[in-house]
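Asker: Pasting in a structure now, in structure tokens, and then I'll have a few things to ask.
The values are calculated or read from the model by the stated rules, or taken from the named source; none is laboratory data. None of these values were measured; they are calculated from a predicted model. With ideal geometry, Cβ positions are generated from the backbone for all residues, glycine too; neighbour counts draw on all protein chains shown. Note: areas computed on protein heavy atoms with side chains; ligands, DNA, RNA excluded. Shrake-Rupley method; radii C 1.70, N 1.55, O 1.52, S 1.80 Å.
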Amino acid sequence: MRQRKSSDYHPEYQDQYPGTVIWQNISKFIVGLGIVLMLAFLAAAGRMMNPVKTCTVSWVDEENRLIEGLFSSCPATLHTRSFGGLNYTQFGNSIYRVHRVVQRIPGELLRPRVSELLLFQKYIDGPVDFETLAALPGNDSFLSDGTNQFVHGRRLSLTPPLDFEKIKPVPPKTSMHYTSFHTDGTWVLHRDQPIPGADAATFHELLVLRKDGLAISSGGLEELAADNHAAYYGGQKIKGADPATINVIAYWSSEDAPPSVTVQEPDGSIVFDRRHAWRVTLAGIERIDVSETQLKALRADLQQARSAAAIGW
């Protein structure tokens, strides 16, 4: 008969092998504890991967001033439409731009926090058909629902209305900057305002050349333009300017300009015609006294700038 080994355990012999039963119970306990700890770890890891989310709502007007909002909690759903990469929604008769700012920051016990700011900026006052509202291709500043027209959120009431199929930047169209002058062949607009009396057929922006031939902006807050009847700084006429001989030249500094002609540095512009001159500053445009000698020097510098621009860098 084969002699029993301690490893040949059977329940009916448990009284003969009490140590085996203890170790089996200990093994079961260890395995169960391991499973519990693993599940707890996975739960904690899942909790750490699942961030704490907070959301706040703010409301501002067209000038980014805080206003009283329609609600203060983030909505569960929000119907929006996108024009030019910006999202819009409608509450009542008004259209609002929707800005979402999401920030992910460390939280307590390594659990991240996601903070979301939902900003509603009032953009258009109704009436307006939100579902048919569309932007001008390539320029979401111009919106129309087929009946109502808006530029930068401002309602236009023009007779005849703007021809959205013909709206384009005024010439010369360059890649140096975005122009704020547009025309449909009948109206000329500066930003969201029509320019009274502007001649759409001859209206053009004045290209600003620095003395070294580099095309730059005007150096002020507005662009310069002219038509057959007047010269313009933004949407305002330059009083006394001769549109037939109006020109502009820019200088890196006053040292580059003709003697006794000072500019706002850097890249300040001097506007001049056959008899007068104006200095462009961040505050606007101002008339300056110049002699015929200084005017002659300004014309020579402009010719030099045009020659340098034609040659290229």
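Asker: Can you tell me which of (1) surrounded by 12 or more Cβ atoms within 10 Å (Cβ to Cβ); (2) at pLDDT below 85; (3) closer than 18 Å to Gly153 by Cβ is the one Gly85 doesn't meet?
Answerer: Condition not satisfied by Gly85: (1).
Asker: Is at least one residue of region 162-181 touching a Lys or Arg at 6+ places or on another chain (Cβ under 8 Å), open to solvent by less than 60 Å² (accessible area, probe 1.4 Å), on the phi < 0 side of the Ramachandran plot and modelled with pLDDT of 95 or more?
Answerer: No, region 162-181 has no match at all.
Asker: Of all residues being at pLDDT below 95 and in a loop (DSSP other than H, G, I, E, B) in region 198-212, which is farthest from Pro243 (Cα to Cα)? Just the residue, please.
Answerer: Here the answer is Asp212.
Asker: Give the residue that is farthest from the chain's Cα centre (by Cα), with candidates limited to residues of region 213-231 that are buried (at least 16 other Cβ atoms within 10 Å of the Cβ) and over 26 Å from Ser157 (Cα atoms). Steps first, answer last, please.
Answerer: First, pick out the residues of region 213-231 that are buried (at least 16 other Cβ atoms within 10 Å of the Cβ): 213-220, 222-227, 230-231.
When the remaining residues are screened for being over 26 Å from Ser157 (Cα atoms), the result is 213-220.
On the way: Gly213: 30, Leu214: 26, Ala215: 24, Ile216: 21, Ser217: 19, Ser218: 22, Gly219: 21, Gly220: 21 Å.
Restricting to residues being buried (at least 16 other Cβ atoms within 10 Å of the Cβ) and over 26 Å from Ser157 (Cα atoms), the top hit is Gly213.
Asker: Here is a follow-up. From Val271, Val290, grab the single residue that is among the β-branched types (Val, Ile, Thr), in a loop (DSSP other than H, G, I, E, B), touching a strand residue (DSSP E or B) at 6+ places or on another chain (Cβ under 8 Å) and open to solvent by less than 70 Å² (accessible area, probe 1.4 Å).
Answerer: Val290
Asker: Select from region 110-135 the residues that are outside any strand (DSSP E or B) and of a type in the set (Asp, Glu) and write down the one among them that is most open to solvent (accessible area, probe 1.4 Å).
Answerer: From region 110-135, those outside any strand (DSSP E or B) are 110-112, 125-133; that's our starting set.
From what's left, of a type in the set (Asp, Glu): 125, 129, 131.
Values: Asp125: 76, Asp129: 71, Glu131: 108 Å².
Per the stated criteria, the residue is Glu131.
Asker: Moving on to the next point. Show the residue pairs meeting these rules: Cβ distance below 6 Å; 6+ apart or different chains; first residue within region 184-198 and closer than 9 Å to Gly235 by Cα and touching a residue at least 40 places away in the same chain (Cβ under 8 Å); second residue among the β-branched types (Val, Ile, Thr) and open to solvent by less than 10 Å² (accessible area, probe 1.4 Å).
Answerer: Ile195/Val188
Asker: Could I ask something else about it? Identify, from the list Ala215, Ala250, the residue that is hydrophobic (A, V, I, L, M, F, W, C) and modelled with pLDDT of 90 or more.
Answerer: Testing whether each residue is hydrophobic (A, V, I, L, M, F, W, C) and modelled with pLDDT of 90 or more leaves just Ala250.
Asker: I would also like to ask the following. For region 66-93, give me the residue count where each residue is in a loop (DSSP other than H, G, I, E, B) and over 26 Å from Asn148 (Cα atoms).
Answerer: Qualifying residue count for the region: 8.
Asker: Further question: In a loop (DSSP other than H, G, I, E, B), more than 21 Å from the chain's Cα centre (by Cα) and under 30 Å from Arg210 (Cβ atoms): does that describe Pro172? Give the derivation first.
Answerer: Numbers: in a loop (DSSP other than H, G, I, E, B): yes; more than 21 Å from the chain's Cα centre (by Cα): yes; under 30 Å from Arg210 (Cβ atoms): yes.
Yes; evaluated as a whole, the condition is true for this residue.
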